[in-house]
Every structure is written in C-alpha cells, then in structure tokens.
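J.: I have a structure here, written as structure tokens, and I will follow up with some questions on it.
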Amino acid sequence: MYKGGYTGKVLRINLTDQTAKEETLPLEIAKDFIGGAGFGIKYLFDEVTPKTDPLGPENKLIFASGPFSGTTIPCASRMAVTAKSPLTNAVGVSLTGGYFPVELKFAGYDALIIEGKAEKPTYLWIKDGKALFRSAQKLWGMKTTDCQQIIKNELGDQNVRIACIGPAGENLSKIACIINEMRAAGRKGLGAVMGSKNLKAIAVRGSGKVSISDEGKLKSARSAFAEAMKGSPVLYPQFSKLGTSMVVDHTCAIGIFPTRNFTSTGEYAPADKLGVEVQTTRNVGSEHCYMCPVGCSQLKMARTGVYAGILAEGPEYETMFSFGGVTGVDNIDAVIAADRLADELGLDTMSAGVTIAFAMELYEKGILSKKETGDIDLRFGNDEAMLTLLRQMAFREGFGALLADGSKAAAAKIGKGSEKYAMHVKGLELPAYDVRGAKAHGLNYATAYPGADHNKGYAFQEIFGIPVPYEVDRLSADGKGKLTKWNQDVRCVTCDCATMCAFLLDMAVPAIALKNTADLMDAVTGLQYTPEEVQTVGERINNLAKAFNVGSGFTRKDDTLPERLLTEPLKGGASKGHFVGKDELKKMLDEYYAEREWDIQTGTPTRKKLTELGLGYVADALKL
C-alpha cells in the first residue's frame with residue numbers, strides 16, 4: 001500500500017477506440033523505478049517492441065511525474081515524456097517543468113499512457129479522475145500559444161494546464177517537440193509521435209493533493225535540502241537572476257562554446273554579443289515552476305530592428321547556442337525571435353538550429369547552391385534565413401522540408417559527402433558543448449541512451465570544475481568511463497525519476513544528491529533506500545534503456561562521435577589543439593563498458609548484470 005508521494009494510479013488512453021481506463025500502479029514498479037523516466041522506460045520496454053514504427057499507432061507516449069511532484073519540495077514540478085523516438089529509433093525521453101506535471105498528479109495520476117491513433121484531430125480533457133475526448137478540428141494548424149488559450153476559453157478555466165503540439169508536430173517533423181505553456185518537452189521528436197496519433201493537446205485540471213508519509217521527516221529533509229541550495233555560491237546570487245544563458249560567457253572562456261557548425265569553436269567566441277552583459281539589457285522578468293524559489297527562466301524581449309517587441313521565455317543556454325553560436329548569428333534579438341517562433345511552431349530549438357547550421361556549412365562549402373535552397377542565402381550569420389527556414393521546416397515547405405527531420409535524414413538525402421558535416425549521435429543533434437575540450441561530456445554524448453543528450457550524464461565536474469565525486473582534468477581521457485557511469489546513473493535517478501530540476505545537481509546538491517533523494521523518498525513515500533540503493537535505481541534504468549536500444553539494432557559502433565570531433569583539433573581558445581582522438585574514445589568506451597559490466601566488444605548488457613539488477617526477463621527478451 002502506498003503511504004505517500006504516489007497516487008498509485010495510471011491512466012491509459014486508447015485513442016483508436018476512444019476509451020480511458022484507470023490502472024493500479026504496481027508498488028514494485030514504484031520501488032524499483034521511482035517515477036518519471038523510470039516509469040516511462042519501464043512501460044516502454046514492456047509494451048512497445050523495439051521494431052515498432054515510432055510514428056505508428058503501436059508506439060506509446062508516456063507522461064510520468066515523480067513522487068516529489070506536487071509536494072512542498074522545491075524544484076520538483078518535473079515530468080518525463082517517453083516514447084520510441086522517430087528521430088533516432090532509440091528510447092526517447094524528454095523532461096519538462098512548469099505546472100502541467102503537478103496538475104497531472106492533482107488530477108489523480110502518476111502516469112498517463114497514450115496509445116493508438118484518433119480518427120480525427122482530438123484533444124484530451126482530464127479532470128479529477130475523468131477523461132473526455134474532444135474535437136481538435138478547429139485547433140489543427142494553430143500555433144501553441146493560441147491553441148492553449150482557445151482550449152482554456154472553451155473549458156472556461158484559465159488555470160487549466162495544457163501540453164500541446166504546433167504545426168511541426170502535426171506535420172510529423174521528427175524534430176517536433178511538445179509545449180506546455182512556454183516550457184518544452186524538447187528533443188527526440190516526441191511532438192511528431194503526438195501528431196501521428198492525431199492528438200493536438202492534453203488539458204489537465206485537478207483538485208487533489210499529494211499525501212505525505214511522514215511530515216516530520218519531510219520538514220527535516222527539506223530543511224537540509226534548502227540549506228544546500230542557500231549555500232551554493234551560484235544558485236541564488238547568479239542563476240536565479242540570469243538563468244542558464246549565463247553559461248555562454250563561461251563556455252566561451254574555456255573554449256567550448258560551439259560556433260559555425262563546430263568549425264570555429266574557440267576562434268570565434270561571441271560572448272560580447274550573446275553573453276550576460278547583453279542579455280541583461282533584454283531581461284524583463286522571470287518565470288517560476290510550481291514551488292520553485294529560484295525562478296531561473298528569464299523573460300527576454302527583443303529591442304531592435306524587425307524583431308523589436310518579441311518576447312520569449314529564454315532563450316536558454318542551449319538556444320543561445322543553437323540559434324546563435326552554431327549558426328554564426330550574433331544578433332541577440334534574432335535569437336530571441338527565433339526562440340519564440342520555434343516554441344510557437346513546436347520545433348525543438350536545439351535540433352532545429354544545429355540542422356540549419358549543417359545546411360549553412362554545406363552552402364558555404366558549395367555542396368548546396370542557391371538554386372537548391374530556393375534562393376535562400378544560407379551563409380553563417382544570416383538570421384533572416386534562419387527564421388525563414390524555421391517556418392519552412394514546421395510546415396514542410398520549400399528547402400525547409402528537406403531539413404524537417406533533422407541533420408542525419410537531411411544528409412542522407414543530400415549526399416555528396418555531406419554526412420561528415422552532420423553533427424549528431426544516433427541521429428540526435430549535438431548540444432551546446434564542444435566536447436573536444438570536455439572528454440567525459442563527450443563520452444556521455446556517445447553512450448547516453450537517447451543519443452547526444454547532455455542532460456543524461458552532464459559532466460559538471462568538467463564544465464564547472466566541481467570536484468564531486470572527485471576532481472578531474474577536463475582535457476584528459478583518464479578515468480572518464482567511471483565518471484560517466486556515475487554521472488548518468490546519479491542524474492537519472494535523482495533528477496529524471498524523483499523528479500527534480502537537474503540544475504540543482506549541477507549547482508547546489510551534488511555532494512548530497514543521493515542521500516538527499518533517499519531522505520526525501522523516506523519522508524514522502526515511506527520507501528526506504530540507502531544512497532547506494534538510490535544509485536542502483538539509476539543503473540537499473542540505464543540498463544533497461546540500453547537493452548531496448550540493443551533490441552532496436554544499436555551496437556558499440558553507434559557509440560561514437562561525429563568525425564570532426566575525432567579528427568580536427570580546436571583551432572583557438574582555451575582548449576586549442578584538443579580533440580577526442582579515436583584511440584582516446586576507444587579507451588574511454590572500454591573503461592565505460594567495464595564499469596557497467598557490459599560486454600566490451602559489443603557494448604551490450606550481460607545476463608549477469610541484468611539479473612543482478614532484477615532485469616532477468618530483459619536478458620530473456622534479448623536472448624542473452
């Protein structure tokens with residue numbers, strides 16, 4: 001029996017036959033997988049075959065929060081959205097915050113599983129344990145802000161929380177995301193999965209509360225957590241006022257802010273155009289997630305030229321990179337405008353920007369001509385071209401139609417040797433760190449189950465010099481296999497499953513993350529873990545996700561990096577001369593697989609390891 005933290009219920013929606021069914025969440029699943037990404041990956045593995053068409057009705061879209069969501073624990077209004085990714089064909093997990101995650105809990109559910117396909121455009125209305133299917137015919141084609149407002153008006157409640165797709169998801173762009181208010185479950189193309197099901201939106205309202213197992217223990221654990229947050233030299237003094245985009249200055253300083261499709265990292269470091277000093281002239285306020293005292297999400301308004309007056313929540317650091325550094329655009333107002341446009345269209349800013357940067361390099365190299373781009377001048381730095389392509393990508397029009405499914409798919413269509421300029425791992429475009437100057441960060445790109453996802457094993461030890469669990473040299477490959485396993489497992493369970501904001505792990509609680517999670521789990525749910533057992537949950541989930549990918553055909557050869565990062569040294573900046581050599585990558589992979597107790601030759605989990613983690617049935621499924 002559940003004592004607290006969980007509602008103990010899952011809502012299963014079948015869009016094909018328009019049915020809604022409540023199911024009990026087995027207690028053993030809660031104990032072994034905790035929540036969020038853990039629930040998503042568990043249900044995905046058990047119910048979706050690795051050979052399933054990601055855009056077919058057999059794929060499932062799973063929304064799951066964690067046991068801390070909806071409690072008084074700060075920074076815990078998070079959820080994971082999970083499906084087989086149409087972009088990578090691997091496990092796709094996207095995290096998002098705001099108010100939707102807690103509203104789903106208040107409505108009575110730990111998880112929402114969506115399967116099948118509606119005959120016509122539909123939206124789902126969930127309120128206090130009841131689910132209704134409503135027509136979305138008039139919403140189809142709408143941008144995300146308008147869609148949300150129309151639904152709120154129709155339902156007569158401005159406090160309804162809504163997750164929806166834009167035109168990009170409707171048109172099955174494999175880099176489409178899901179927007180809830182101004183937050184995005186970005187990356188991996190999960191907006192296309194939602195669009196493939198003819199599901200425009202999910203509206204949620206709940207009046208319930210999340211029960212607590214032991215209020216006294218919660219007060220004590222929360223107090224220790226709050227003290228760690230207050231003790232951070234960065235969290236409140238800087239991060240709460242500037243948000244993630246403050247990192248532009250730092251990564252420029254250490255020579256890893258990628259520019260011009262990773263061709264001029266270090267040489268060209270536009271902190272003076274995109275950094276904190278300029279950002280503060282555009283800040284007009286901030287947004288808080290539910291029960292968050294930090295409020296890191298900054299509202300910025302463009303001030304000059306044709307973009308003046310455009311407001312965006314962000315741009316976050318990754319978007320400063322994707323619509324700024326990697327495309328060579330150094331006009332901050334253009335970046336703000338592109339960020340807002342991408343959110344309205346429902347495009348992942350990271351994959352969209354990196355894909356445009358890929359096309360820009362091809363254009364500058366003469367692989368693409370102006371005739372092929374539809375008369376668009378695609379030189380680096382052309383912000384007008386960037387915004388034009390965003391619209392085209394979302395609506396699959398003009399040259400943008402070629403880019404709508406990301407850089408890997410575009411390269412396959414373009415040919416002419418363009419593949420070596422597509423900056424992705426397993427089809428997922430690279431994030432905002434040039435890992436030639438941060439080797440564990442690079443190993444995480446190569447091995448993380450979704451592809452190049454920095455949030456699955458963020459090497460804060462290298463990026464920010466935080467010596468937890470120990471001090472490292474960011475430019476060395478030594479010991480990075482062990483470190484990457486720790487980063488992936490700890491981040492998975494303490495952030496993606498509990499669910500908690502990952503920025504706290506980087507800036508406030510890295511030294512106490514596992515104990516903090518164990519203490520909070522005991523207080524909220526009554527389920528008891530040692531810190532080591534908490535970490536084991538993260539290890540279990542990463543093994544399960546890897547097993548799904550193995551079933552989809554991924555092998556060790558897919559755990560790699562783009563050729564440029566393996567062969568071309570950085571030409572300037574503080575990391576000048578460094579790259580991830582192929583021998584270095586082999587060394588790190590060997591160590592990583594050994595630390596995980598996987599087969600070193602194939603990179604596959606072993607029956608012994610899976611059985612040890614309580615996943616013997618997974619070994620049977622893989623015929624190990």
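The values are calculated or read from the model by the stated rules, or taken from the named source; none is laboratory data. Bear in mind the structure is a predicted one, so any value in this text is a computation, not a measurement. Backbone-built Cβ (ideal geometry, glycine too); neighbour counts: all protein chains shown.
J.: Somewhere in region 18-33, is a residue closer than 24 Å to T530 by Cα, modelled with pLDDT of 95 or more and in a loop (DSSP other than H, G, I, E, B)?
T.: Here is the first cut: in region 18-33, the residues closer than 24 Å to T530 by Cα are 25-33.
Next cut, modelled with pLDDT of 95 or more only: 25-33.
Filter again for in a loop (DSSP other than H, G, I, E, B), leaving 25-26.
Looking through region 18-33, at least one residue is closer than 24 Å to T530 by Cα, modelled with pLDDT of 95 or more and in a loop (DSSP other than H, G, I, E, B).
J.: Show the residue pairs meeting these rules: Cβ distance below 7 Å; 6+ apart or different chains; first residue within region 520-543 and charged (D, E, K, R); second residue in a loop (DSSP other than H, G, I, E, B).
T.: D522/Q528; E539/L613; R540/L613; R540/G614; R540/L615
J.: For region 119-131, does any single residue satisfy the condition of being part of a helix (DSSP H, G or I) and within 30 Å of A545 (Cα to Cα)?
T.: Initially, region 119-131 is screened for residues part of a helix (DSSP H, G or I), giving none.
Checking region 119-131: not a single residue is part of a helix (DSSP H, G or I) and within 30 Å of A545 (Cα to Cα).
J.: Considering only region 327-341, how many residues are within 21 Å of L242 (Cβ to Cβ) and either crowded, with 24+ Cβ neighbours inside 10 Å or touching a strand residue (DSSP E or B) at 6+ places or on another chain (Cβ under 7 Å) (or both)? I'd like the intermediate steps shown before the answer.
T.: So in region 327-341, the residues within 21 Å of L242 (Cβ to Cβ) come out as 329-340.
Then keep just the ones that are either crowded, with 24+ Cβ neighbours inside 10 Å or touching a strand residue (DSSP E or B) at 6+ places or on another chain (Cβ under 7 Å) (or both); that gives 329, 332, 334-340.
Total meeting the criteria: 9.
J.: Within region 136-160, restricting attention to residues that are of a type in the set (S, T, N, Q) and under 21 Å from C177 (Cα atoms), which residue is surrounded by the fewest Cβ atoms within 10 Å (Cβ to Cβ)? Break it down into steps so the answer makes sense when it comes.
T.: Filtering region 136-160 down to residues of a type in the set (S, T, N, Q) leaves 137, 144-145, 148-149, 153, 158-159.
Now drop any that are not under 21 Å from C177 (Cα atoms), which leaves 137, 144-145, 148-149.
Working: Q137: 11, T144: 28, T145: 16, Q148: 23, Q149: 13.
Per the stated criteria, the residue is Q137.
J.: Assuming E47 fulfils every condition listed in (1) within 19 Å of Y449 (Cα to Cα); (2) over 24 Å from the mean Cα position of the chain (by Cα); (3) among the charged types (D, E, K, R) apart from one, which condition is it?
T.: (2)
J.: For region 325-340, which positions are part of a helix (DSSP H, G or I) and farther than 19 Å from Q392 by Cα? Working first, answer last.
T.: As a first pass, look at region 325-340 and keep what is part of a helix (DSSP H, G or I): 325, 332-340.
Answer for region 325-340, where residues must be part of a helix (DSSP H, G or I) and farther than 19 Å from Q392 by Cα: G325, I332, D333.
J.: Please count how many residues of region 251-305 are assigned to a helix (DSSP H, G or I) and over 21 Å from the mean Cα position of the chain (by Cα).
T.: Residues meeting the conditions: 11.
J.: Give all pairs with beta carbons closer than 6 Å in which a residue from region 15-43 that is farther than 20 Å from A621 by Cα meets a residue that is hydrophobic (A, V, I, L, M, F, W, C) and part of a loop (DSSP other than H, G, I, E, B); count only pairs at least 6 apart in sequence or on separate chains.
T.: Close Cβ pairs satisfying both conditions: L15/A118; K31/L527.
J.: Report, by residue number, each residue of region 73-91 that is part of a loop (DSSP other than H, G, I, E, B) and either closer than 20 Å to N180 by Cα or modelled with pLDDT under 95 (or both).
T.: P74, C75, A76, S77, R78, S85
J.: Of the residues D496, D506, D489, which is out of contact with any Leu (no Cβ under 8 Å at 6 or more places or on another chain) and modelled with pLDDT of 95 or more?
T.: Selected residue: D489, the only one of D496, D506, D489 that is out of contact with any Leu (no Cβ under 8 Å at 6 or more places or on another chain) and modelled with pLDDT of 95 or more.
J.: Same structure again: Run K200 past the list (1) charged (D, E, K, R); (2) buried (at least 24 other Cβ atoms within 10 Å of the Cβ); (3) part of a loop (DSSP other than H, G, I, E, B); (4) over 19 Å from the mean Cα position of the chain (by Cα) and report the number of the one that doesn't hold.
T.: (3)
Okay, residues lined up against (1) touching a helix residue (DSSP H, G or I) at 6+ places or on another chain (Cβ under 8 Å); (2) surrounded by 22 or more Cβ atoms within 10 Å (Cβ to Cβ):
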position: L544; (1), (2): yes, yes
position: A547; (1), (2): yes, yes
position: G551; (1), (2): yes, no
position: T555; (1), (2): no, no
position: G572; (1), (2): no, no
position: G581; (1), (2): yes, no
position: A594; (1), (2): yes, no
position: L613; (1), (2): yes, no
position: A621; (1), (2): yes, no
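J.: Next question. Quick one: which of Q528, Q535 is touching a helix residue (DSSP H, G or I) at 6+ places or on another chain (Cβ under 6 Å), of a type outside the set (F, W, Y) and not in a helix (DSSP H, G or I)?
T.: Q528
J.: Now, a different point. For the condition crowded, with 23+ Cβ neighbours inside 10 Å, free of Cβ contacts under 8 Å to residues at least 60 places away in the same chain and within 18 Å of the chain's Cα centre (by Cα), what is the one hit in A90, A64, A80, A76? Don't jump to the end; show me each part of the working.
T.: Numbers: A90 fails: free of Cβ contacts under 8 Å to residues at least 60 places away in the same chain; A80 fails: free of Cβ contacts under 8 Å to residues at least 60 places away in the same chain; A76 fails: free of Cβ contacts under 8 Å to residues at least 60 places away in the same chain.
Among A90, A64, A80, A76, only A64 is crowded, with 23+ Cβ neighbours inside 10 Å, free of Cβ contacts under 8 Å to residues at least 60 places away in the same chain and within 18 Å of the chain's Cα centre (by Cα).
J.: For region 447-462, what are the residues that are in contact with a Leu (Cβ under 8 Å, 6 or more places away or on another chain), crowded, with 24+ Cβ neighbours inside 10 Å, in a helix (DSSP H, G or I) and not hydroxyl-bearing (S, T, Y)?
T.: Result: Q461, single match.
J.: Separate question: Hey, does region 38-55 have a residue that's among the polar types (S, T, N, Q) and in a loop (DSSP other than H, G, I, E, B)?
T.: Looking for residues that are among the polar types (S, T, N, Q) and in a loop (DSSP other than H, G, I, E, B), one finds at least one in region 38-55, hence yes.
J.: Output the residue which, of all residues in region 306-318 that are touching a residue at least 40 places away in the same chain (Cβ under 8 Å) and either of a type in the set (V, I, T) or part of a loop (DSSP other than H, G, I, E, B) (or both), is surrounded by the most Cβ atoms within 10 Å (Cβ to Cβ).
T.: Checking each candidate, the answer is P315.
J.: Condition check: farther than 17 Å from G169 by Cα, assigned to a loop (DSSP other than H, G, I, E, B) and not aliphatic (A, V, I, L, M). Does Y109 satisfy that?
T.: So Y109 passes the test.
J.: Kindly provide the set of residues from region 518-542 that are surrounded by fewer than 22 Cβ atoms within 10 Å (Cβ to Cβ) and among the β-branched types (V, I, T), ordered by number.
T.: Matches in region 518-542: T530, T536.
J.: Name the residue, out of T259, T244, that is touching a helix residue (DSSP H, G or I) at 6+ places or on another chain (Cβ under 7 Å), under 30 Å from L362 (Cβ atoms) and surrounded by fewer than 21 Cβ atoms within 10 Å (Cβ to Cβ).
T.: T244 is the lone residue from the list that is touching a helix residue (DSSP H, G or I) at 6+ places or on another chain (Cβ under 7 Å), under 30 Å from L362 (Cβ atoms) and surrounded by fewer than 21 Cβ atoms within 10 Å (Cβ to Cβ).
J.: Among the residues of region 49-61, write down those that are surrounded by fewer than 22 Cβ atoms within 10 Å (Cβ to Cβ), in contact (Cβ under 8 Å) with a residue 40 or more places away in the chain and not charged (D, E, K, R).
T.: Selection gives T49, P50, L55, G56, P57.
J.: Out of the residues in region 513-570 that are of a type in the set (K, R) and touching a Pro at 6+ places or on another chain (Cβ under 9 Å), which is farthest from G581 (Cα to Cα)? So that I can check it myself, show each step before the final result.
T.: Residues of region 513-570 that are of a type in the set (K, R), as a first pass: 515, 540, 546, 556-557, 564.
Cutting the leftovers down to touching a Pro at 6+ places or on another chain (Cβ under 9 Å) gives us 515, 546.
On the way: K515: 37, K546: 25 Å.
Per the criteria, the residue is K515.
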